[in-house]
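One structure below.
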């Protein structure tokens, strides 16, 4: 199942890594280990944020995907299911609409 990971990076820890020059190595280490399908960096609520798309086979993979962010950056990690249009088509929305109308 495809999952969207939203990683909120705290200013103090991330700034310290930028200043000491370790931020690139730390980020690359995490991305090499987690092998996301896609990675985007943006801002949410005034914080640096990483968005990762990861295809997981089991929920037991969540700790191995979040812990590096927790341990290296003291980041917050949210995990959300993510569907493609094909996934949504399989959901049978029309049938659900009839059942629950």
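Derivation of every value follows stated rules applied to the coordinates shown; laboratory data play no part. What you see is a predicted model, and the numbers here were worked out from it, not measured in a lab. Cβ placement follows ideal geometry from the backbone for every residue including glycine, while neighbour counts extend to all protein chains displayed.
If I fit a long axis through the Cα atoms of helix 11-20 and take the longest principal axis of the Cα atoms of the chain, what angle between them do I get, 0 to 90°, rounded to 10?
Helix 11-20 and the main axis of the chain meet at about 50 degrees.
Extension gain residue 86-residue 32, at 0.36 nm per residue separation less the Cα-Cα distance, in nm?
Result: 16.6 nm gained on full extension.
Tell me the relative contact order for region 1-50 as a rounded percent, counting alpha carbon contacts under 8 Å between residues six or more apart.
56
Taking the Cβ-Cβ separation of residue 20 and residue 64 as r and a Förster radius of 30 Å, what is the calculated FRET efficiency to the nearest 0.05?
0.70
Expressed in nm to one decimal, what extension gain is obtained for the pair residue 41 and residue 71 from 0.36 nm per residue of sequence separation less their Cα-Cα distance?
Residue separation times 0.36 nm, minus the Cα-Cα distance, leaves 8.9 nm.
State the label only: which of (i) 16.8, 59; (ii) 14.4, 45; (iii) 12.7, 38 corresponds to Rg and Dmax of the Cα atoms in Å computed from the shown model?
Recomputing Rg and Dmax of the Cα atoms in Å here gives the entry labelled (i).
Taking only C-alpha pairs under 8 Å that are 6+ residues apart, what is the relative contact order of the chain in percent?
Reported as a whole number, the value is 43 percent.
Helix 23-34 against the longest principal axis of the chain: what's the angle in degrees, Cα atoms only, rounded to the nearest 10?
Rounded to the nearest ten degrees, it is 40.
On a 0 to 90° scale, report how tilted helix 62-73 is relative to the longest principal axis of the chain, with both axes built from alpha carbons and the result rounded to the nearest 10.
Compared with the principal axis, the helix lies near 30 degrees.
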